[in-house]
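Working notes, beginning with the structure itself.
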Amino acid sequence: MKILAVQNRMGIGDTVIFLPFIEAISRKFNTPVSLLVKKSSKVDEYIKQTAYLDKVIFLERNNKKNERHNGFMGSIRLAQDLKRYKFDKIFIFNSSLRFNLIARLANIKEIYQYPLLKKTNQHIVQPANYLIKKNLGVNVVKDPQIEINSNLIKEAESKFNINSSELNILLGIGGSGPTKRIPSETFLSVIEKIYNFKKSKFFLATGKKDDEQIILNQILSSKFRDKCIPLDDLSIADTLPIIKNCNISICNDSSFSHLSSALGIKTITLMADTPLIYGSYSSNMYPILPDGETTVGHNTFGKDKINPDKIFDKFISILN
């Protein structure tokens with residue numbers, strides 16, 4: 001039996017959130033599930049060792065430029081591409097009529113999908129829960145989980161001199177947008193509090209955008225530079241074994257918060273300007289909200305109100 005799951009949201013976090021539902025499909029039918037995702041999900045970099053996942057097929061569609069699956073003819077090409085795999089079932093995690101028609105053109109006999117044409121104000125998780133419960137009789141309550149080879153974890157431990165006698169901490173200092181990036185001063189304050197508590201090593205995870213590099217260099221220019229290891233030259237795949245060796249993570253709302261929690265690492269999520277669900281959907285996530293806020297969403301603009309004392313207090317409570 002061949003099964004395809006369609007998850008066409010943009011980011012890494014969007015795809016990680018849906019992993020428990022895809023795993024539930026795999027368990028129900030006792031077969032790995034293939035994914036149709038956008039390249040921006042970068043899913044091929046973090047699911048290679050995850051047994052319940054099979055092939056990754058990229059949706060080559062972008063509203064800003066002409067790609068293979070854009071427009072009417074792109075839909076026809078996508079249907080032709082999928083038809084070659086001879087999928088028996090498809091689970092479509094959206095309400096798009098377009099994907100429903102593509103599945104039919106691809107001769108996929110069993111189609112399971114959100115209610116059609118009901119995308120407006122749609123909750124990210126609830127429709128997925130309903131889809132799986134209604135069609136498979138399974139109530140999905142599991143956290144997302146990414147699997148990784150134990151040998152890779154040991155190799156990273158040796159290569160980066162990771163010592164169990166000190167705390168090893170991932171700092172996800174990057175972010176997909178400027179409103180999500182907590183200032184370096186906040187991270188430096190947290191670093192100082194933690195290092196005064198116990199000898200620690202900090203792994204700095206960020207991208208290559210100029211604003212992210214500024215934050216990285218400000219931290220590396222501090223008195224704690226010898227305690228910090230930048231990871232920005234590594235691929236996501238190479239970063240995963242390092243994260244798995246960490247005791248705890250402190251991350252902006254970024255890809256690293258999602259990857260860290262899915263690796264089973266307790267992750268403090270700094271929620272400055274994104275709906276709270278993105279930093280609280282896993283039991284491994286511990287959200288910190290801006291001072292004065294009881295919830296958070298787009299346009300909260302709270303990056304300067306994330307309190308380092310609250311981060312440290314949460315850090316201590318997790319360790320205890």
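Here are LEU101, LEU131: which of them is open to solvent by 30 Å² or more (accessible area, probe 1.4 Å) and either among the hydroxyl-bearing types (Ser, Thr, Tyr) or closer than 22 Å to LEU82 by Cβ (or both)? Just one listed residue meets the conditions, LEU101. When ASN139 is tested against (1) outside any helix (DSSP H, G or I); (2) at pLDDT 95 or above, only condition (2) is not met. Evaluation of ILE191 against the conditions (1) in contact with a strand residue (DSSP E or B) (Cβ under 7 Å, 6 or more places away or on another chain); (2) open to solvent by 10 Å² or more (accessible area, probe 1.4 Å); (3) in contact (Cβ under 8 Å) with a residue 24 or more places away in the chain shows that the sole unmet condition is (2).
Hey, can you tell me all the residues within the range 194-220 that are part of a helix (DSSP H, G or I), open to solvent by less than 50 Å² (accessible area, probe 1.4 Å) and farther than 16 Å from PHE256 by Cβ? Matches in the range 194-220: ILE194, LEU220. When ILE76, ILE22, ILE57, ILE17 are checked against the criterion of being surrounded by fewer than 19 Cβ atoms within 10 Å (Cβ to Cβ), assigned to a helix (DSSP H, G or I) and not acidic (Asp, Glu), ILE76 stands alone in meeting it. Being hydrophobic (A, V, I, L, M, F, W, C), in a helix (DSSP H, G or I) and within 29 Å of HIS298 (Cβ to Cβ): is that true of LEU259 here? In short, yes. Selection over the range 239-266 of residues that are over 19 Å from VAL190 (Cα atoms), out of contact with any helix residue (DSSP H, G or I) (no Cβ under 7 Å at 6 or more places or on another chain) and of a type in the set (S, T, N, Q) gives a count of 2.
Here's the yes/no breakdown for (1) touching a strand residue (DSSP E or B) at 6+ places or on another chain (Cβ under 6 Å); (2) in contact (Cβ under 8 Å) with a residue 60 or more places away in the chain; (3) exposed (fewer than 12 other Cβ atoms within 10 Å of the Cβ):
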{"site": "ASP88", "(1), (2), (3)": "no, yes, no"}
{"site": "ASN94", "(1), (2), (3)": "no, yes, no"}
{"site": "GLN122", "(1), (2), (3)": "no, no, no"}
{"site": "GLN126", "(1), (2), (3)": "no, no, yes"}
{"site": "ASN139", "(1), (2), (3)": "no, no, yes"}
{"site": "LYS142", "(1), (2), (3)": "no, yes, no"}
{"site": "GLN145", "(1), (2), (3)": "no, yes, no"}
{"site": "SER150", "(1), (2), (3)": "no, no, yes"}
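The values are calculated or read from the model by the stated rules, or taken from the named source; none is laboratory data. Quick caveat, the model's predicted, so the values are computed rather than measured. As a convention, Cβ positions derive from the backbone with ideal geometry for all residues, glycine included, and neighbour counts pool all protein chains shown. For accessibility, only protein heavy atoms count, side chains too; no ligands or nucleic acids. Shrake-Rupley method; radii C 1.70, N 1.55, O 1.52, S 1.80 Å.
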